[in-house]
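Presented below is the structure to which this report refers.
Nothing in this text is a laboratory measurement; each read-out follows from the coordinates by a stated rule. Everything numeric here is computed off the predicted structure, so don't read it as measured data. Here the Cβ is made from the backbone with ideal geometry for all residues, glycine too, and neighbour counts use every protein chain on show.
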Amino acid sequence: MSIKTFRDKKFYLNKLFFNYEFDINAQFTRSQIDEFWLFLEKYLQKKTKQNDDQIKYDRLMEELADKIPKEWKHIDELRENAKKLFENVNISPVELKEFRNILIIFVDFNLKRKEKKLEKLLQFQQNLPIYEYKETILDKIRSNSVVLIAGDTGCGKSTQVPQYLLRNGYQRICCTQPRRIACIALCNRLKFETVDQYGTEIGYQIRFEKSKTKYTKIIFMTEGLLLRQMIEDPLLSNYEVIILDEVHERHLSSDFLLGAVKCLLHKRKNDLKVILMSATLNCDLFSNYFGNCLVIKVPGRLYPIKTEYFPPDKVNIFKATNKINPEPYLKILQHIDSQYPSTERGDVLVFLSGFAEIEFIGEKLKEYAIQSKRWIIMYLHSALSLVEQDKVFDISPEGFRKCILSTNIAETSITIDGIRFVIDSGKVKEMYYEPKIRMHRLQEIWVSKASAEQRKGRAGRTGPGICFRLYSKNDFESFDNFSKPEIQRVSLESLILNMISMGLNNVRKFPFIEAPDAMIIENTMKHLINYGTLDENENITHLGRILSKLPVDIPIGKMLVLSVCINLYEYALSMAACLSVQSITTIRSRNDREMLEERKSMISFDGDLFSSMNFYKRWLTMKASSQNTRLWCRQLGFEEQRFHEITKLRRQFEEILNDSGLIDKKRNN
């Protein structure tokens, strides 16, 4: 039979064998169907009369009896169904039989391929340092309410511990991550390592996006999302195991979550397991906080890493214009090209302090990449869309290296395979609260020693690596040992309001792992009373309850609520959403005369906020008339992802106002 015979009837054969028209449970995805048609073509090209042995197909059908639909066995019934479904199409019994036989060969091929893949994955998992501690971990979790697993970079704790729990009967597992990209990456990794044999039992949930069903047993989510669930369900009754990963990063939400979980353990002593996972940094702090809980230390699997220092006197990092100098980064790429053949695989991870630095350095390195034809320059930061972020995990083509320019998102939250070289600027941008003006500002500072070592460790996961540090050894010795916890440098207004809305009225006695200054808490309470979110007795008001549900700063939330009173909330929804996303314009476009000129007609003299709203309004108008918004955004220098975020945020805010009884969404529609 020729491939043309089957291609001409592809639509009908797909419907008959894969589309569940006759309750045939073939469990084929769209990609698997496409893969089968490629397989069919190759099989027919190589097929000989010797291969065409019906006894072989019959034997395979017996072996795969529980793996294939029973309807495939009866050709006559399939033909009758085809006649009923397609009146004017004639599919002969011979054609149906051959198609069915090749399909069975394909199923068998896939099963054997899956078995080989599982064997390789099992070998990989058994070679991870954490595998030696598997039984110890499970035994200690059974006999203890709280266990701290302190593991070095590359030990496998984030990917393996959830699998150990699932395979040993634990059903409702929540694993928190500090970043959205880590939730998705870990979920995908677990699906890959289990060859998706658990189907929808492994999922994730982040802001505006989720991949979970009622059958999900392991759910990866951000720390903030679990805290929001705690407002609705203070006992977190949906979970029997809570894994708090990357607790050493000390974000505001993670520090609060640690205290909330500690309080929760008093109420759920016998039916809740808590697993803390951290780098081997300062783990005594966490152990002591949970009453000297058991600590399991797992060594990493690091290859030797050579450290080379390029201090300012050796290379001028910053130019007089205050812009970071791309020259050191370019010279290091050239050095790698000259010293290491392209046949030796190994990518580069560059740590920079922020988006502006990434785009500025990236533009210069892309010029070199085009010239040398050896590099693929990629970006990694939270402002990128999830699809864009996911590209850094792709394997580079033969003869090319990836150069990934990243913020500290790649320090611990995610692991990118194949990194051999790390270039560390030694800088990070952190948010600091200015009490006098009651606003936050980003401040560029030196990283801590712990962070510098984490960055360095990324170079030695798959083989010997090199870390190029763009500062001196004396600089490194003067760094703080650990980064300053977020709770000691940002506003606590939203945090304390959320605590009180959860019923934690005496915030002054809340068991923070490292409490903020008492004066800061007192000033925050005064501000909350002034906002009208607390009354004079520090009880939460109706306004406070509504604002605690809105994922925005209190002034923006209050603007939304008050806008309802003057019937301007439709306008305020867009304002609040525009204020809650990162910059709509690309950094490159801010210095591009053509782009600036194109945007000129939409610029408002009333300020950037109103300009952003004009941009959003124009984008909505174009979307409504099915115009090419992607091209428009590219020409004018807009990040289209931001417009999608504004739309989702606007909808979320509207639903919260509707649920609070402030507006009637149905009536307005």
> Mind listing the Cα extents of the range 550-668 along all three principal axes, in Å, largest one first?
Replying inline: 46, 30, 22
> Listed highest first by mean packing, meaning other Cβ atoms within 10 Å per residue, what order do 126-135, 63-72 come in?
Replying inline: 126-135, 63-72
> Can you work out the FRET efficiency for the pair residue 31 and residue 523, with r the C-beta to C-beta distance and R0 = 56 Å, to the nearest 0.05?
Replying inline: 0.50
> Roughly how many nanometres apart are two label points built 7 Å out from the Cα toward the Cβ at residue 142 and residue 297?
Replying inline: 2.6
> Tell me which lysines have Cα within less than 22 Å of residue 67's Cα, excluding those fewer than 8 residues away on the same chain?
Replying inline: 15, 56, 97, 112, 114, 116, 117, 191
>> If packing is taken as the average count of other Cβ atoms within 10 Å, what order do 653-662, 594-603 fall into, highest mean first?
In response: 653-662, 594-603
> Between residue 127 and residue 515, what length comes free when the chain is fully extended (0.36 nm per residue of separation minus the Cα-Cα distance, one decimal in nm)?
Replying inline: 135.6 nm
> Can you tell me the Rg and Dmax of the range 505-620, counting just the alpha carbons, in angstroms?
Replying inline: 19.4, 57
> Among the lysines, which fall within straight-line cross-link reach of residue 134, defined as a Cα-Cα distance under 16 Å, with same-chain neighbours fewer than 8 residues apart omitted?
Replying inline: 157, 297
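Please give the net charge around residue 240, taking every other residue with its beta carbon less than 11 angstrom from that of residue 240, where Lys and Arg add +1 and Asp and Glu add -1.
So the surrounding residues net to +3.
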> Hey, rough spin-label estimate for residue 626 and residue 664, points 7 angstrom out along Cα→Cβ, what's it come to in nanometres?
Replying inline: 3.5
> What distance in nm separates the simple spin-label points at residue 508 and residue 602, each placed 7 Å from Cα in the Cβ direction?
Replying inline: 5.1
> Per residue of the chain, what 222 nm ellipticity follows from adding -39500 (n - 2.57) for every DSSP H run with n ≥ 4, rounded to the nearest 500?
Replying inline: -14500 deg cm²/dmol
> Listed highest first by mean packing, meaning other Cβ atoms within 10 Å per residue, what order do 248-254, 432-438 come in?
Replying inline: 248-254, 432-438
> residue 509: which lysines have alpha carbons under 18 Å from its alpha carbon, excluding same-chain residues fewer than 8 sequence positions away?
Replying inline: 262, 267, 526
>> Using amide H atoms built in the peptide plane, which far-off residues or other-chain residues are under 5 Å from residue 296 H to H?
In response: 148, 149, 150
>> Taking just the alpha carbons, could you work out the radius of gyration and Dmax for the chain, both in angstroms?
In response: 28.8, 90
>> What whole-number distance in Å separates the alpha-carbon centres of the range 180-258 and the range 52-105?
In response: 43
> Taking Cα pairs under 8 Å and at least six residues apart, what relative contact order does the range 518-622 come out at, in percent?
Replying inline: 13
> Which length gain, in nm to one decimal place, applies between residue 270 and residue 396 when the Cα-Cα distance is subtracted from 0.36 nm times their residue separation?
Replying inline: 40.5 nm
>> For a test of the definition: using alpha carbon positions, the gyration tensor, and the 1.5 limit on a/c, classify the range 492-533 as rounded, prolate or oblate.
In response: oblate
> Computed from the mean reciprocal separation of all distinct C-alpha pairs, what Kirkwood hydrodynamic radius does the range 3-125 have, in Å?
Replying inline: 15.5
>> Suppose R0 equals 45 Å. What FRET efficiency, 1/(1 + (r/R0)^6) with r the Cβ-Cβ distance, do residue 340 and residue 44 give to the nearest 0.05?
In response: 0.50
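Could you grab the relative contact order for the range 3-125? Cα pairs under 8 Å, six or more apart, rounded to a whole percent.
27
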